[in-house]
Amino acid sequence: MFELLRTNNPVLISWLKANLSAEGVEVLVLDEHMSAMDGSILAIPRRIMVPEIHQDIAKSILAEAEELAKGKGA
């Protein structure tokens, strides 16, 4: 598995899961429960993991998310 991103942004996590899944990419979110157990003080970021074989498409989708966050996407 390849670590695509570490974040505590639940909207970004949801968006990535939906868009990666739509492309047939399996997504594994690690540390979800640890993050909740710390009282959601954002001390433990969640790790978004994808199979290494899908690394290129995952990076492309992440780049799209970054562009959308900047207001440059469709």
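The values are calculated or read from the model by the stated rules, or taken from the named source; none is laboratory data. Worth saying up front: this structure is predicted, and the values here are computed from it rather than measured. Glycine also receives a Cβ, built like all others from the backbone with ideal geometry; neighbour counts cover every protein chain displayed.
For the reader, a short list of remarks on this structure follows.
- So Leu42, is it surrounded by 11 or more Cβ atoms within 10 Å (Cβ to Cβ) and at pLDDT 95 or above: no
- Subset of the range 1-12 that is under 10 Å from Arg47 (Cβ atoms) and not hydroxyl-bearing (Ser, Thr, Tyr) - its residue that is surrounded by the most Cβ atoms within 10 Å (Cβ to Cβ): Leu4
- Considering Ser21, Ser60, the condition of being at pLDDT 95 or above and more than 17 Å from Pro10 (Cα to Cα) is satisfied by Ser60 alone.
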